[in-house]
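Here is the structure we will look at.
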Amino acid sequence: MQHIQSYIKEHKDRFLTELIDLLKIPSVSADPAYKDNVFQTADVIKDSLLKAGCDHVEICETEGFPIVYGEKIFDKSLPTILVYGHYDVQPADPVELWDSPPYEPVIKKTEIHPEGAIFARGACDDKGQMYMHVKAMELMTKTNQLPCNVKFMIEGEEEVGSVNLSKFVKANQEKLKNDVILISDTGMIAQDVPSITTGLRGLSYVEVEVTGPNRDLHSGLYGGAVANPINILTKMIASLHDENNRITIPGFYDKVEDLSDAERAEMAKAPFSLEDYKKSIGIDAVYGEKGYTTNERNSIRPTLDVNGIWGGYIGEGAKTVIASKAFAKISMRLVPNQEWEEITDLFKKYFENIAPAGVKVKVTPHHGGQGYVTPIDSIGYKAASKAYHDTFGKNPIPQRSGGSIPIVSLFEQELKSKTILMGFGLDSDAIHSPNEHFGVWNYFKGIETIPLFYKYFTELSK
Ligand code: BES
Ligand code: MN
Ligand code: MN
């Protein structure tokens with residue numbers, strides 16, 4: 001403990017500067033304009049892992065962006081921890097809503113972060129959280145307290161579905177062999193309420209296209225007599241939820257795991273203020289599936305949401321037109337036991353089926369992945385719990401998150417090991433949004449807690 005804190009204190013400024021430098025590179029995986037920056041970031045990660053004490057680090061090329069793999073194996077009889085993270089970030093758009101440029105990190109104090117937070121795209125998701133692991137590794141090797149073997153796998157395509165990582169994992173089972181997977185790419189309940197994420201939702205992401213007439217039409221000459229693709233698309237989308245806000249796709253809920261009353265009661269014990277929740281996002285009422293609380297709706301229940309919708313005339317002024325086509329991007333968040341490919345099929349069939357005569361519908365699946373739940377009686381969970389107890393002075397609360405990291409269920413399937421999700425971000429850190437930030441306190445708390453996980457995991461594995 002003492003070692004950890006004194007090392008952090010001594011190197012605090014450098015730990016911050018290094019992260020700030022990493023955040024200056026716009027490693028946006030979704031936008032081809034940033035391709036070189038994404039590759040450059042992989043090189044920076046490679047160097048940082050070597051400096052942190054890995055014996056061997058390589059850049060593994062894929063058909064997309066590279067995976068940085070690093071390891072330090074010094075005793076095969078000791079356990080091996082595999083750390084996963086991602087160095088790619090979401091696009092910064094809409095840039096005009098940022099108070100400071102997304103790739104010029106600044107530290108500012110906020111109400112929740114009185115010690116300051118770093119504002120930059122990727123600060124919390126996931127460069128800041130991933131880099132905590134690199135610095136924790138440095139700390140352990142430099143102070144001679146690395147208790148077990150470590151492997152790092154840091155990818156550059158998480159925000160676009162990890163397609164190449166899936167292939168890499170399937171092809172490298174022996175290389176990636178481990179006793180537990182450790183990830184910091186989620187959040188915690190509040191600064192004084194540490195929590196361990198025990199579940200993630202799955203995802204099915206589709207794009208739909210509705211085509212009516214073969215060209216855009218004069219909305220006076222043709223209006224009223226032909227199916228307007230935008231009218232039809234919005235009507236079809238509206239029909240996907242019923243009056244209780246349940247999803248109407250036949251079979252959608254068939255495999256949904258129902259939690260027992262006892263489990264729901266346990267969940268309800270986590271501290272939560274509905275008033276603060278509403279206030280934090282500027283709404284006067286919550287909305288969702290009947291019969292479930294807000295925290296249930298956003299974690300243990302599946303959803304269907306339009307993420308974008310477009311078509312027709314959206315320029316200045318008015319243009320009288322019936323567009324030939326309308327489009328939407330739709331995501332479905334899934335819960336354990338729902339198979340994402342099956343849900344994608346159910347959606348496709350149903351959506352095509354409800355289209356009225358006069359339009360054609362095309363459904364194009366994007367990416368997806370399975371949800372994940374992890375037990376709280378595993379060695380990994382216990383080790384994490386003890387680590388948090390040391391650094392926060394209280395036991396962490398298990399919490400199922402609504403977000404997705406689809407690769408986690410593939411890890412379990414291919415590598416046969418459990419993942420421990422030690423997240424240090426807050427929901428208010430605005431990941432994927434303008435003004436994303438990560439608390440300086442959270443960054444160092446992570447660096448302090450991670451080595452203790454290593455210590456307890458190794459001890460409990462004996
Ligand atoms: N780190 C997030 C996921 C996350 C955040 C999980 C907070 C739990 C709490 C990750 O980078 C992410 O954004 N995932 C995407 C899915 C991916 C396939 C694009 C998501 O959840 O939308
Ligand atoms: Mn992430
Ligand atoms: Mn993300």
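Please verify whether region 385-396 includes one or more residues that are touching a Lys or Arg at 6+ places or on another chain (Cβ under 9 Å), among the small types (Gly, Ala, Ser), touching a residue at least 60 places away in the same chain (Cβ under 8 Å) and surrounded by fewer than 22 Cβ atoms within 10 Å (Cβ to Cβ).
No, region 385-396 contains no residue that is touching a Lys or Arg at 6+ places or on another chain (Cβ under 9 Å), among the small types (Gly, Ala, Ser), touching a residue at least 60 places away in the same chain (Cβ under 8 Å) and surrounded by fewer than 22 Cβ atoms within 10 Å (Cβ to Cβ).
Pull up region 421-441, narrow it to residues that are of a type outside the set (Gly, Ala, Ser) and either over 26 Å from Ala120 (Cα atoms) or touching a His at 6+ places or on another chain (Cβ under 8 Å) (or both), then point me to the one that is nearest to ligand 3 (Cβ to nearest atom).
Checked region 421-441; the qualifying residue nearest to ligand 3 (Cβ to nearest atom) is Asp429.
Considering each of Thr62, Thr80, Thr110, Thr41 in turn, give the residue that is among the polar types (S, T, N, Q), over 25 Å from Asn178 (Cβ atoms) and in contact (Cβ under 8 Å) with a residue 24 or more places away in the chain.
Selected residue: Thr110, the only one of Thr62, Thr80, Thr110, Thr41 that is among the polar types (S, T, N, Q), over 25 Å from Asn178 (Cβ atoms) and in contact (Cβ under 8 Å) with a residue 24 or more places away in the chain.
Restricting the search to region 356-384, which residues are part of a loop (DSSP other than H, G, I, E, B) and surrounded by fewer than 19 Cβ atoms within 10 Å (Cβ to Cβ)?
Pro356, Ala357, Gly358, Pro375, Ile376, Asp377, Ser378
How many residues does region 142-167 contain that are farther than 30 Å from Val106 by Cα and either in contact with a Pro (Cβ under 9 Å, 6 or more places away or on another chain) or not in a strand (DSSP E or B) (or both)?
12
For region 176-197: of the residues being surrounded by fewer than 19 Cβ atoms within 10 Å (Cβ to Cβ) and of a type in the set (Val, Ile, Thr), which is farthest from ligand 1 (Cβ to nearest atom)?
The residue in question is Val193.
Conditions (1) surrounded by 23 or more Cβ atoms within 10 Å (Cβ to Cβ); (2) within 11 Å of ligand 1 (Cβ to nearest atom); (3) under 26 Å from Tyr103 (Cβ atoms), marked per residue:
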residue	(1), (2), (3)
Asp125	yes, yes, yes
Met130	yes, yes, yes
Val134	yes, no, yes
Thr141	no, no, no
Asn144	no, no, no
Pro147	no, no, no
Ser162	yes, yes, yes
Ala171	no, no, no
Glu174	no, no, no
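Against the definition (within 16 Å of ligand 3 (Cβ to nearest atom) and in contact (Cβ under 8 Å) with a residue 60 or more places away in the chain), how does Leu415 come out, yes or no?
Against the criterion (within 16 Å of ligand 3 (Cβ to nearest atom) and in contact (Cβ under 8 Å) with a residue 60 or more places away in the chain), Leu415 does not qualify.
If we scan region 270-290, do we find a residue that is assigned to a helix (DSSP H, G or I), under 30 Å from Val361 (Cβ atoms) and not assigned by TED's automatic domain parsing to the domain that holds Lys325?
No, region 270-290 has no match at all.
Name the residue that is farthest from ligand 3 (Cβ to nearest atom), counting only residues in region 122-147 that are in contact with a strand residue (DSSP E or B) (Cβ under 6 Å, 6 or more places away or on another chain) and over 17 Å from Val68 (Cβ atoms).
Ala123
Considering only region 26-95, give the strands (runs of 3 or more DSSP E) lying wholly within it that have at least 1 residues that are polar (S, T, N, Q) and within 11 Å of Glu155 (Cα to Cα).
Ranges flagged: none.
Might you check whether a residue that is hydrophobic (A, V, I, L, M, F, W, C), at pLDDT 95 or above and within 16 Å of ligand 2 (Cβ to nearest atom) occurs anywhere in region 94-114?
no
What's the number of the only condition in (1) within 16 Å of ligand 1 (Cβ to nearest atom); (2) buried (at least 20 other Cβ atoms within 10 Å of the Cβ) that Gly402 fails to meet?
(2)
The values are calculated or read from the model by the stated rules, or taken from the named source; none is laboratory data. All of these numbers come straight from a predicted model, not from anything done at the bench. Cβ coordinates were reconstructed from backbone atoms using ideal geometry, including for glycine residues, and neighbour counts include every protein chain displayed.
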